[in-house]
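Just below is one structure, and these are the notes that go with it.
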Amino acid sequence: MSPNPASAGDTSSGLAGAEASVGRFARQQFQLNRLILTFWTLPLAASELVQYARQVAQQHGKTHHLPQGKMEARVLLLLDAGLTQQHVRAVICQAKGMPSFHAEAAASLQVLAGHGLSPVQLANMLCWCPDLLSSKQIGAVGQLLQQELKATGHQLTKVLYRGPILLTMREETVRDRLAFWAKLHLLQMTLGCSDEYMARALPRVMPLLQFGALQPRVEWLLKALTGSAPDKRLRKAMLNHTPVVYGTVELLGARLQALSQLMGSSAVARAMVARILSLLSYSSSALQHNFHAFRSLAGSEAAARDAVNATPRLLLKDFSRPVYQARLGFWQGQLGLSAAAVLTKLGTLLLSSLPVVGPRWAWMLEHRPRDEIIVNYCIMRDSACMKACKVPLEGFAEFKAAWLASEEGRTVCRHEGKYNHSWRLTR
């Protein structure tokens, strides 16, 4: 007997309706469970983070006198804005305790989110500028910058993200600084940069607007470094290393002369400055101290000059500090090389902290023979490092945590201080 089509249709529609009902019930149950979980876990998380803030403050000789309830309210405000517990811990760590808030902090967070800033970006801004939410001018300053700069939403988001300290200034202060905006035309012509590039560089350029006689300094630098690098690259480098332009022509000349004496050649010194313009941000005495400390590790003046010429940024570090000597000792032991060989051929490794590169090196040794590993890959980000070395990334996070907690990790990193890099949220 053939089935009745009508009854079959009724049955299928009935099943579909039942499935839809079950689906709605499951979604409702999930939302209810999530609400209950949030209701119970958020206050618990807030209490733990407040306790963490008190411990951090105590470590820095500070005491929080706010009631427990007010401190928990601040934490909940950050969590409600989308920050994770890791983000909040990072903010507390950088603020050396609970950051300051004003009464309208919730509205300020909404304004920042309205400018397109993500929770991770907000967390980074609070790490860079812990007093951000103590400012009552965030909305007014943001609106002022948008009006005066005639910036698009995307450009303004970049300006706010890269220069959160602007939002802590009074509106009148920012307005006064923007009154110097006309000077940017001279600066822009002097540096040869486009409107778009100047808009991106605004947070770094604004302090320069208070300094007069910019053109002579820029022209002196270009003349002193002629032939060492293309003018266009040097001009942009001046925006990226604005402290260099703060110095007078005489001061910059004295520092370049001191570097020439250390390197035994003015041409070498000019080439180094063209590569790392921030060398001229350091005083002559600081450069001499760093070079002499470096020479004592390299073994000879010639080896020190070769190493610094290969990696000029090494001269910005004080190698008399135990942290750099420990990094040098670690790589000497791992690679079986002399100090001079490590400094000359692998100097960039010493610029990265051992809690970052140590676990990567140990992880690569777990998967590849030592002679097949290009050690300089360790300075890359985790994903890029593993890809370049053809090593799996999966499982590395757990391995890194275990390595840092192990006796070996604690011994290797003992001079790195409190190697909590969690605030580098975008790493």
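Readers should treat all values here as calculations from the given coordinates under stated rules, not as data from a laboratory. Only a predicted model underlies this, so the values are computations on that prediction, with no experimental measurement involved. Every residue, glycine as well, gets a Cβ built from its backbone with ideal geometry; the counts of neighbours run over all protein chains shown.
On the Cα set of the range 236-361, report Rg and Dmax in Å, please.
In Å, with Rg to one decimal and Dmax whole: 15.0, 46.
Extending each Cα 7 Å along its Cβ direction at Lys150 and Gln288, get the distance between those two points in nm, one decimal.
In this crude label model, Lys150 to Gln288 measures out at 5.2 nm.
Could you give the distance between the Cα centres of the range 258-280 and the range 41-88, to the whole Å?
Centre-to-centre distance over Cα atoms comes out at 48 Å.
To the nearest 20 debye, what charge dipole does the range 292-385 have about its Cα centre, counting +1 at the Cβ of each Lys and Arg and -1 at the Cβ of each Asp and Glu?
200
Largest first and to the nearest Å, give the Cα extent of the range 296-427 along each principal axis.
So the three principal-axis extents are 44, 32, 28 Å.
What span do the alpha-carbon atoms of the range 355-396 cover on each of the three principal axes, reported in whole Å from largest to smallest?
Result, largest extent first: 21, 19, 17 Å.
Calculate, in nm to one decimal, what Ser338 and Leu76 gain on full extension: separation in residues at 0.36 nm each, minus their alpha carbon distance.
89.0 nm
Going down the list Lys158/Lys317; Lys223/Lys317; Lys70/Lys400; Lys96/Lys136; Lys136/Lys158; Lys62/Lys400, which pairs span over 25 Å between their C-alpha atoms?
From the list (Lys158/Lys317; Lys223/Lys317; Lys70/Lys400; Lys96/Lys136; Lys136/Lys158; Lys62/Lys400), the Cα-Cα distance tops 25 Å for Lys158/Lys317; Lys223/Lys317; Lys70/Lys400; Lys62/Lys400.
Report the full-extension gain for the segment Gln68 to Glu104: residue separation times 0.36 nm, less the Cα-Cα distance, to one decimal in nm.
So the extension gain works out to 11.0 nm.
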